[in-house]
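Worksheet: one structure, shown below.
Just so it is clear, none of the values below were taken in a lab; they were calculated from the coordinates. Being a predicted model, the structure only gives us computed values, none of them experimental. For neighbour counting, all protein chains shown are included, and Cβ atoms are generated from backbone atoms with ideal geometry for every residue, glycine included.
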Amino acid sequence: MAARSPLGRTIAAHAVLIAYTLIALFPVFVIVVNSFKSRRAIFAEPLALPNAETFDLVGYTTVLAQGDFFQYFQNSLIVTVVSLAGVLLFGAMAAFALSEYRFRGNTLMGLYLALGIMIPIRLGTVAILQMMVAGGLVNTLTALILVYTAQGLPLAVFILSEFMRQVSDDLKNAGRIDGLSEYRIFFTLVLPLVRPAMATVAVFTMIPIWNDLWFPLILAPAEETKTITLGSQVFIGQFVTNWNAVLSALSLAIIPVMVLYLIFSRQLIRGITAGAVK
Amino acid sequence: MGALTLQGVTKTFGTTKVIQGVDLEVRDGEFCVFVGPSGCGKSTLLRMIAGLEDVSSGDVRIDGTRVNDVAPAKREIAMVFQSYALYPHLTVRDNMGLALKQAGKSKAEIRDATDRAAGMLALEPLMERRPAELSGGQRQRVAIGRAIVRVPKLFLFDEPLSNLDAALRVATRIEIARLHRDLGATMVYVTHDQVEAMTLADRIVVLRAGKVEQVGAPMELYNDPANTFVAGFIGSPQMNFLKAGALGLSSDTLGIRPEHLAISTEAGEIEASVTHLEKLGGETLVYARSEHGLQTVRLFGEHSYAVDAPVWLTPDRSRAFHFDAAGQRLR
Ligand SMILES: Nc1ncnc2c1ncn2[C@@H]1O[C@H](COP(=O)(O)OP(=O)(O)O)[C@@H](O)[C@H]1O
Ligand SMILES: [Mg+2]
């Protein structure tokens with residue numbers, strides 16, 4: 001094995017990675033390709049590319065004609081972006097407090113915050129619903145934002161506090177001696193240094209929120225607060241499913257996460273490989 | 001009145017007492033070096049002076065004012081760190097000017113102050129660069145410049161030379177000594193390197209396990225150590241410790257510096273055999289094992305001894321130090 005040339009290893013590594021990429025992208029590929037085909041063609045030859053004969057935009061016209069679709073899109077974006085901002089801001093602040101300050105119950109607090117990683121928030125659905133009813137927040141985007149922020153915080157605090165422990169004490173102390181406030185130290189010295197970790201957290205937080213069907217269905221099923229995932233369900237009927245529309249809606253739903261991902265991706269890769277490349 | 005006074009200062013982390021009651025007066029304009037092995041609490045003591053760490057008990061006074069509850073930025077101190085700790089997002093000029101900016105000084109004042117500091121350290125060509133574009137030595141000079149700009153009452157250095165290579169370390173050491181002369185400022189300097197301590201200090205404070213072992217001018221410590229720890233720590237190569245009983249003396253330990261231990265192939269007091277030879281050109285170090293353990297002999301000029309050759313060692317009794325069983329000096 002040791003005699004294997006670097007070229008051979010490179011080829012092998014790439015073969016594995018390419019195979020994995022193909023497998024991972026295949027469902028997405030099928031969805032996008034079929035969203036551009038007529039209903040008949042989808043069933044006749046699901047794997048075929050659209051050609052002049054089978055090309056059909058009926059899915060997209062249906063989706064776009066369904067007037068609320070843009071509303072759904074907007075709801076999803078608002079919920080995802082605001083929750084993400086909340087998770088990153090509060091998660092980073094809590095992580096900074098846990099990693100930087102010595103206070104009674106520090107370790108206990110860290111454990112308590114990390115517990116949420118292991119206990120799915122859905123177990124608390126009934127209590128959450130009761131709380132939202134009591135607070136008059138049912139069928140508001142605020143309800144979803146609050147739940148998603150809570151859902152994302154444990155992992156964010158856990159990952160970010162690990163990274164913040166690695167930020168040089170000397171740097172923070174230099175800031176203190178120069179008269180920077182703790183907020184300035186946090187925002188201008190510490191946050192930029194944990195940017196890769198922030199991006200990692202952002203991606204891992206954002207995707208489950210964007211894809212969630214459970215909480216929109218329970219907390220905000222009203223027409224004006226529907227998210228895109230919930231909105232796409234109108235095309236899935238008990239007896240007939242409008243596959244053109246479903247596939248088109250899903251294809252469209254990929255775009256915003258993709259854009260957010262591209263924003264974070266360069267940092268993300270640095271975050272994931274931080275331990276390995278240092 | 002001292003520029004810095006410590007009175008019964010202690011520090012406890014959880015249940016471990018890291019600093020065990022330090023009393024110290026640093027005079028105005030003095031260069032005071034804290035020296036001791038790694039982990040003895042030098043940095044902790046320095047951070048307490050800076051206000052970065054709370055004092056568990058005791059008082060810290062700067063210029064006579066008790067500063068226990070004063071924020072670091074308000075203590076009129078400046079600190080230079082081992083890891084430089086430059087702000088990565090700011091240029092050299094902004095790094096140096098930040099403290100003044102925070103203190104609300106005008107743009108013109110900041111510019112004057114940073115230019116003056118840059119002039120003292122030959123940093124002018126680097127002023128618009130970022131820390132990532134500087135070498136280690138340049139970064140440390142910028143960090144020192146950042147300290148000068150503030151015109152502090154007290155300079156604090158925490159092992160500022162430890163990350164530099166040997167040649168730069170000597171050059172920067174000389175630069176710090178020159179700054180001390182030019183500025184006449186009070187400086188407290190932490191190091192684990194006794195050479196740095198000896199060459200820079202007006203006064204050395206030797207620390208061990210959170211306690212002050214001895215305070216004095218470098219030559220006082222060298223010529224008049226209070227105990228075996230100070231005797232062994234100050235001076236390089238290390239002092240030899242011989243079992244006084246075996247030499248017919250009433251004390252417990254006899255300390256003798258390597259240059260005061262004579263070596264001969266014919267006759268002497270202690271029988272030993274050569275284990276290793278280091279020829280440094282100007283001097284030769286002979287390591288020899290005897291019933292007292294491994295001893296070092298320092299000879300001037302070039303000498304040759306075969307490894308494993310039998311030799312005789314003779315301490316110069318008039319230059320020897322006597323210690324009791326607890327390691328305290330017998331005078
Ligand atoms: N924040 C801390 N919590 C607990 N123990 C600490 C902390 N900082 C330092 N110590 C301990 O205090 C002792 C002295 O540390 P330090 O002052 O950094 O030593 P030095 O600078 O002399 O090498 C060490 O034993 C270290 O483990
Ligand atoms: Mg230290």
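Determine the percent antiparallel among the DSSP beta bridges restricted to chain B, to the nearest 5.
Details: 53 of 71 bridges.
Here the antiparallel bridges make up roughly 75 percent for chain B.
Phi angles across segment B:197-204 convert, under the Karplus curve 6.51 cos²θ - 1.76 cosθ + 1.60 with θ = phi - 60°, into 3J(HN,Hα) values of 4, 4, 7, 9, 6, 7, 9, 10 Hz, Gly and Pro given as x. Secondary structure note: in the protein assembly as shown, about 75% of the DSSP beta bridges are antiparallel.
Remark: segment B:7-118 carries a charge dipole of roughly 300 debye about the Cα centre, counting +1 on each Lys and Arg Cβ and -1 on each Asp and Glu Cβ.
Counting pairs of Cα atoms in the protein assembly as shown, how many percent are more than 40 Å apart?
Details: 97299 of 185136 pairs.
When every Cα pair of the protein assembly as shown is considered, 53 percent fall beyond 40 Å.
In sequence order, segment B:70-86 has phi-based couplings of 9, 5, x, 5, 9, 8, 6, 10, 9, 10, 10, 9, 4, 8, 6, 6, 7 Hz under the Karplus curve 6.51 cos²θ - 1.76 cosθ + 1.60, θ = phi - 60°, and Gly or Pro positions carry x.
Can you sort B:T314, B:T114, B:T15 by how many other beta carbons sit within 10 Å, fewest first? Intermediate values should be presented prior to the final figure.
On the way: B:T314 15, B:T114 23, B:T15 5.
Ascending number of Cβ neighbours within 10 Å: B:T15, B:T314, B:T114.
Calculate the mean, over all residues of peptide B:5-13, of how many other protein chain Cβ atoms lie within 10 angstrom of the residue's Cβ.
Working: counts 0, 0, 0, 0, 0, 0, 0, 0, 1.
Per-residue shielding by partner chains comes out at 0.
Estimated translational diffusion coefficient (Stokes-Einstein, Kirkwood radius over Cα pairs, 25 °C, 0.890 mPa s) of segment B:238-330: 183 µm² per second. Other protein chain C-beta atoms within 10 Å of residue C-beta, averaged over A:175-185: 6. The H on the amide N of B:L154, modeled in the peptide plane, is under 5 Å from the matching H of B:A78, each at least 5 residues off or on a different chain.
Pair-distance distribution of chain B: all C-alpha pairs, bin width 20 Å, starting at 0; shares per bin in whole percent are 28, 48, 22, 2. Per-residue Cβ neighbour counts within 10 Å put B:T16, B:T172 in the sequence B:T16, B:T172, beginning with the fewest. With all pairs of separate Cα atoms included, segment B:39-100 yields a Kirkwood hydrodynamic radius of 13.3 Å.
Would you mind working out the magnitude of the charge dipole of chain B relative to its Cα centre, with +1 at each Lys and Arg C-beta and -1 at each Asp and Glu C-beta, to the nearest 20 Debye? Before the final figure, lay out the partial values.
Values: 38 positive and 40 negative charges, 244 e Å.
Once rounded to the nearest 20, the dipole reads 1180 debye.
When B:E271, A:E182 are sorted by how many other C-beta atoms sit within 10 angstrom of their C-beta, beginning with the fewest, the order is B:E271, A:E182.
One quarter of the convex hull surface, Cα atoms only: what value does that give for chain A in nm²?
Working: hull surface 86.9 nm².
Projected over every direction and averaged, the Cα hull of chain A covers 21.7 nm².
Computed from the Cα positions only, the extents of segment A:126-232 along the three principal axes stand at 54, 27, 22 Å, in decreasing order.
Students often check this: by mean Cβ neighbours within 10 Å, which of A:98-111, B:251-264, B:147-160 ranks highest, and how do the rest follow? Present the calculation step by step, with values, prior to reporting the outcome.
Values: A:98-111: 12.4, B:251-264: 19.7, B:147-160: 22.4.
With the highest mean Cβ count within 10 Å placed first, the list reads B:147-160, B:251-264, A:98-111.
Expressed as a whole percent, how much of the Cα-Cα distance distribution for segment B:65-182 exceeds 18 Å? Summing the P(r) tail past 18 Å for segment B:65-182 gives 50 percent. Per-residue 3J(HN,Hα) values for segment A:17-27, derived from phi via the Karplus relation 6.51 cos²θ - 1.76 cosθ + 1.60 with θ = phi - 60°, read 5, 5, 4, 5, 4, 4, 4, 5, 7, 4, x Hz in sequence order (x marks Gly and Pro). Taking packing as the residue-averaged number of other Cβ atoms within 10 angstrom, the listed peptides A:12-23, B:87-98, B:280-291 run from highest to lowest as B:87-98, B:280-291, A:12-23. Taking amide H as placed 1.01 Å from N in the peptide plane, the amide H of B:F31 sits under 5 Å from that of B:M187, B:D202, B:R203, each at least 5 places away or on another chain.
Shielding of B:95-102 by partners, i.e. mean partner chain Cβ atoms within 10 Å per residue? Walk me through the numbers before you get to the answer.
Details: counts 2, 0, 1, 5, 6, 2, 2, 6.
For peptide B:95-102, the averaged partner shielding equals 3.
State, as an integer percentage, the relative contact order of chain B based on alpha-carbon contacts under 8 Å between residues 6 or more apart.
Details: 674 pairs, mean separation 55.1, N = 331.
Across chain B, relative contact order equals 17 percent.
Between B:E213 and B:V206, B:L207, B:R208, the built amide H atoms are under 5 Å apart, and every one of these is 5 or more places off in sequence or on another chain.
The count of lysine pairs in segment B:4-230 that are at least 8 places apart or cross chains, and whose C-alpha atoms lie under 30 Å apart, stands at 20. Per-residue ellipticity at 222 nm from helix content only, as computed over the protein assembly as shown with -39500 (n - 2.57) for each DSSP H run of at least four residues, stands at -15000 deg cm²/dmol.
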